[in-house]
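Input: a single structure, listed below in structure tokens.
The values are calculated or read from the model by the stated rules, or taken from the named source; none is laboratory data. In this text the structure is predicted, and so the values were computed from the model without any measurement. Please note: Cβ atoms are built from the backbone with ideal geometry, for glycine as well, and neighbour counts cover all protein chains shown. Side chains included, ligands, DNA and RNA excluded: accessible areas come from the protein's heavy atoms. Shrake-Rupley method; radii C 1.70, N 1.55, O 1.52, S 1.80 Å.
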Amino acid sequence: MNIILFGPPGVGKGTQAKLLVEEFHSAHISTGDLLREAVKNKTPLGLKAKTFMDAGNLVPDEVVIGLIEEVLTPDDVRRNFILDGFPRTLPQARALDALFERLHIALNGVISIQVDGEEIVRRLDQRRLCRGCGSIFTISQLTGTSVCPKCGGEVYQRDDDKPDTVRRRLDVYDRQTRPLIDFYRATDRLLSVNGMHQVAYVHKLVLDALYRDRTAI
Ligand code: AMP
């Protein structure tokens, strides 16, 4: 199962990706996670990406395309992966199609998760991440502590999840990423899912969409 999870920041792509990974034993490829790791380790890639990320802007296409080309070559990933947060621009989508063709990778579907803008600002303001295991929580699940209930690691809020930067990221999404909806619809690969529900129900909608679509399985 090779899937792209698509949608604005904060619709639950990361959360849904983790559930799909359990379901299909896929590799989870999140460009955001890869870039944050690079920033943390102060690699040349991280140093290049940091200013763009802090401002809520997209990292330049050639940087993220290079990153995906590195990650998508091993055989195990080629057979079964979930792309989360890539592609985000038309040049990235075209480069990805070219890469799929070159590597003979078949894409099962592009799951587009949609949620209202103000709900996204609210969700991201409440979102916390664990530095240890990468789990995602809402403040209410943490009962006032900053300790991860799963691994004991430190839980933190991403700088770019603060409301002003989220609004900027939503604006960037509208201008640069939303056009991909038409790109994938035109080639009959788009599966739309309403993300305004509880996590488990959205997961069910994602699976329904994948199984309903004749080309997806
Ligand atoms: P995410 O965790 O997916 O919300 O990504 C966090 C940040 O990483 C984004 O706001 C961008 O600055 C950068 N980023 C992640 N994926 C991409 C991409 N495909 N293209 C450009 N920038 C990206």
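Structure values in brief
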item: Residue check for H203: in contact with a Leu (Cβ under 9 Å, 6 or more places away or on another chain) and either free of Cβ contacts under 8 Å to residues at least 60 places away in the same chain or assigned to a loop (DSSP other than H, G, I, E, B) (or both); result: no
item: Residue under evaluation A106, criteria (1) of a type outside the set (S, T, Y); (2) within 16 Å of the ligand (Cβ to nearest atom); (3) assigned to a loop (DSSP other than H, G, I, E, B), criterion not met; result: (2)
item: Flag if P91 is buried (at least 17 other Cβ atoms within 10 Å of the Cβ) and under 20 Å from L190 (Cβ atoms); result: no
item: Filter result for the condition that a residue is away from the ligand (no atom under 14 Å from the Cβ), without any contact (Cβ under 8 Å) to a residue 12 or more places away in the chain and either closer than 15 Å to I4 by Cβ or exposed (fewer than 15 other Cβ atoms within 10 Å of the Cβ) (or both), over T51, T143, T138; result: T143
item: Candidates I113, I82, I120, filtered to the one that is within 16 Å of the ligand (Cβ to nearest atom), among the β-branched types (V, I, T) and in a helix (DSSP H, G or I); result: I120
item: Of all residues making up the stretch 54-79, the number that are open to solvent by 60 Å² or more (accessible area, probe 1.4 Å), of a type outside the set (K, R), modelled with pLDDT under 95 and part of a helix (DSSP H, G or I); result: 5
item: Among the candidates V193, V166, residue that is modelled with pLDDT of 95 or more and among the aliphatic types (A, V, I, L, M); result: V193
item: Subset tally (residues that are open to solvent by 40 Å² or more (accessible area, probe 1.4 Å) and assigned to a helix (DSSP H, G or I)) for the stretch 146-182; result: 10
item: Selected residue (criterion: farthest from the ligand (Cβ to nearest atom)) from residues of the stretch 29-48 that are within 24 Å of K18 (Cα to Cα) and among the charged types (D, E, K, R); result: K40
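Conditions (1) open to solvent by 30 Å² or more (accessible area, probe 1.4 Å); (2) part of a helix (DSSP H, G or I); (3) touching a residue at least 40 places away in the same chain (Cβ under 8 Å), marked per residue:
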{"residue": "I3", "(1), (2), (3)": "no, no, yes"}
{"residue": "V11", "(1), (2), (3)": "no, no, yes"}
{"residue": "T15", "(1), (2), (3)": "yes, yes, yes"}
{"residue": "E22", "(1), (2), (3)": "yes, yes, no"}
{"residue": "G32", "(1), (2), (3)": "no, yes, yes"}
{"residue": "L35", "(1), (2), (3)": "no, yes, no"}
{"residue": "V39", "(1), (2), (3)": "yes, yes, no"}
{"residue": "L47", "(1), (2), (3)": "yes, yes, no"}
